[in-house]
Each structure stands twice: as structure tokens, then as C-alpha cells.
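Notes follow the structure.
The values are calculated or read from the model by the stated rules, or taken from the named source; none is laboratory data. Fair warning: this is a prediction, and the values are worked out from it, not measured in the lab. Note: ideal-geometry Cβ built from the backbone for every residue, glycine included; neighbour counts use all protein chains shown.
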Amino acid sequence: MLEEYCPDLQVLSIPLRNKFRGITIREVAIFRGRASWSEFSPFLEYDDVEASTWMEAALEAANTPWPDLYQDRVPVNATLPIVEVEQVAGILERFPGTTTVKIKVDDFESGARVVEEVLNINPELKIRLDVNGGWDSDLAISNLLEYHLRFGSVFDYVEQPCRTLAELKLIKAEIPIRIAADESIRKNLGSDFSNFSDYADLAILKWQPLGGFKKAHEIAAEIGLPVVVSSALETGIGISHGLALAASFNAEPLACGLGTVALFEEDICDPAVLPQDGYIEVKRREPAISERYLATPDRATYWKQRIVRVLELIERRSA
């Protein structure tokens, strides 16, 4: 089954420069299909059902042509994990030319210190806050109004301040900052998104978590809001498909969250899929893997077993 669906499968373990989503090592599987190399990299806590959506994206990208592309390069934002202020300048240097910075935020004060440091480095930068659903509606309204009072109109949007749609609707009515929805979309696939403008101003689309190009376009059409394409902390192989998704919309892309290879110790592609002058070129990529990033035998076995389970699940659904 592995050779049939995932030829030339390799399981990799790549260190991150900074802790991100609570991890310091990113484990991924890559394989070669009829059209190109692809990537399967759901996070370890995701069950087989959720991971199967990621595999559907990986198989589509591996075996079918990309959709029509309208751009040959895509603007990207810088991404700041939850870090100490002293680390901010060094991380921003990895995103040359970017004019927008997405800041992961947990508690209000530490987030405010990072925002202040970013603006001290370059007061012209646009700021995006990403809360990953970490606040309830009361806390979100209080914190975001305070951010607006302190920093004014520097904020492009706040991403997923709360988990539920009901909370997002309350916040949207109360704060002067646009709301972007991420988890509210990818954790609720199959839901009715036709009235999504009641809850958000922008939609965050991710190539793997949404199930690939075709499904992402279907969701975007139903939601009917401006979109920002972002990564799921993929290697350059996965990012190349995210860039293709961003370039497949017939509009100039908003700055995308696709520069996250800069958070890795090293990319598996050569040259690395990193921003230059705030943009990344859209083109197919192939791996040039250092042996030191090959997963240990036990982790490779874990991923192969996981992939078999997910493929069997996809086969049963399509039977």
C-alpha cells in the first residue's frame, strides 16, 4: 500500500530554531507522485480522521497538475512564535523585505511587549495577531480594545481570538480590528459556511488541513471573504503547494503565512523556500535531504503505520 500510494516515501525529523506550537522537532513524510513531490505532515496529536484530510491534499498534489496560476510569486508575512523580546530582531531578519508580521499571542502583556519591539524595529510594519482560539469572548474584547488603544491602527487583523463562532460574532461587533478565522474553518469541514461574514472578515486557508486545492477553492467560494493562505509548518515541499494555492486565486494575494521554513533549522529543499524582498517564487520543488534529518527507525515505523491506517480509511470512505 505504501509503495502504491506513496512512492519513494521518506520520513524526516527537522529541528526548529524556536519552539512553535509546543514542539521543537517537526516530523513530516514526503513522497513522489506522478506530478511532483508531496508532503504529509499532520501534527502528532491529530487522529486518523483529521489526518486523512491532509493525506487527500498530499495525494492530489502528488498526482495531479496544479490549478491555473495567476501569479509567479507570492507576498508573505513574517511569523513570530511566542518568544522573548530579545529574540524578536533575530527572527525578523530571517524574513527580508516583508512588510507584515504575524505575532503569536498568549497572554496580553507579553504579546504587547513583542508588538512594541516589532514597531521599534520598524514602525511601518503591519501587525497581525494570532491567538489560536486561546481567549474567551470577554477576555478577547478586553485585550483587543486595549491593544487598539495602545497601538492604534497598526493591526491588519486578529486571527482566531476565540474558538466558537458565537464568540467570534460577539467580538466582531465590539472591536475595531478585523477578524480572520482559521480553526473555525479547518476544524469544521462540512459545515455551512454561507453566512460566515457574520463571524469574520477574512478566511485563513491552508493547503493540507482543508484537503487540497479543489476543496480549498470550494470552501473559499462558499465563504465569500478575502482569503489569506497560510502554512501548517511544512517543509519547502509542502510550502510549494501552499504557494500554488495562493497563486491560484485570480486576485493579488494578501501577504501569506508561507514563509515559515525560516523557523526550521534548515529546509529540505535547495535552495530553501525562503522569502526574498518579501516574496517567494511559485515553482515546483524537489528535496535535497541531508541524512541527519532522516527520522530514527522507530519514528519512521510510527509514521508508516499511521500512513497505512489513514490510507485504509480513505479507501473505505471511497468504496
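Quick check on Arg299: is it over 21 Å from Ile23 (Cα atoms) and of a type in the set (Lys, Arg)? When the stated conditions are applied, Arg299 does not pass them. Applying the condition of being in contact with a Lys or Arg (Cβ under 6 Å, 6 or more places away or on another chain) and touching a residue at least 40 places away in the same chain (Cβ under 8 Å) to the range 197-209 and asking which residue is farthest from Leu243 (Cα to Cα) yields Asp201.
Quick one: in the range 187-228, of everything that is of a type in the set (D, E, K, R) and at pLDDT 95 or above, which residue is farthest from Pro42 (Cα to Cα)?
So, considering only residues that are of a type in the set (D, E, K, R) and at pLDDT 95 or above, the one farthest from Pro42 (Cα to Cα) is Asp198.
Going through (1) assigned to a helix (DSSP H, G or I); (2) touching a Cys at 6+ places or on another chain (Cβ under 9 Å); (3) over 23 Å from Arg299 (Cβ atoms) one by one, Ala61 falls short only on (2). Of all residue pairs spaced 6 or more apart or on separate chains, those with beta-carbon atoms under 9 Å, a first member in the range 28-43 that is in a strand (DSSP E or B) and a second member that is among the acidic types (Asp, Glu) and crowded, with 18+ Cβ neighbours inside 10 Å are Val28/Glu39; Val28/Glu234; Ala29/Glu39; Ile30/Glu39; Phe31/Glu39; Ser38/Glu60; Glu39/Glu234. Elements of the type strands (runs of 3 or more DSSP E) sitting completely within the range 152-242 and holding at least 2 residues that are of a type outside the set (Val, Ile, Thr) and not assigned by TED's automatic domain parsing to the domain that holds Pro42: these cover 155-159, 179-181, 202-206. The conditions of being surrounded by 14 or more Cβ atoms within 10 Å (Cβ to Cβ), part of a helix (DSSP H, G or I), touching a residue at least 60 places away in the same chain (Cβ under 8 Å) and out of contact with any Leu (no Cβ under 8 Å at 6 or more places or on another chain) are not met by His148. Here Arg163 fits the description: within 20 Å of the chain's Cα centre (by Cα), closer than 26 Å to Asp198 by Cβ, at pLDDT below 95 and surrounded by 15 or more Cβ atoms within 10 Å (Cβ to Cβ). Do you know which residues across the range 188-239 are within 20 Å of Asp130 (Cα to Cα), under 15 Å from the mean Cα position of the chain (by Cα) and not aliphatic (A, V, I, L, M)? Lys206, Trp207, Gln208, Pro209, Ser230, Ser231, Glu234 - these are the residues of the range 188-239 that are within 20 Å of Asp130 (Cα to Cα), under 15 Å from the mean Cα position of the chain (by Cα) and not aliphatic (A, V, I, L, M). Just one of the numbered conditions (1) of a type in the set (D, E, K, R); (2) surrounded by fewer than 22 Cβ atoms within 10 Å (Cβ to Cβ); (3) in contact with a strand residue (DSSP E or B) (Cβ under 9 Å, 6 or more places away or on another chain) is not true of Asp47: (3). Taking the range 97-141 as the range and being without any contact (Cβ under 8 Å) to a residue 12 or more places away in the chain and within 20 Å of Thr164 (Cβ to Cβ) as the test, the residues that pass are Asp138, Leu139. Within the range 250-308, the set of residues being without any contact (Cβ under 8 Å) to a residue 12 or more places away in the chain and either in a strand (DSSP E or B) or closer than 21 Å to Trp37 by Cβ (or both) comprises Pro271, Glu291, Arg292. Of the residues making up the range 64-83, those that are part of a loop (DSSP other than H, G, I, E, B) and either of a type in the set (A, V, I, L, M, F, W, C) or touching a Lys or Arg at 6+ places or on another chain (Cβ under 9 Å) (or both) are Thr64, Trp66, Pro67, Leu69, Asp72, Asn77, Pro81, Ile82, Val83.
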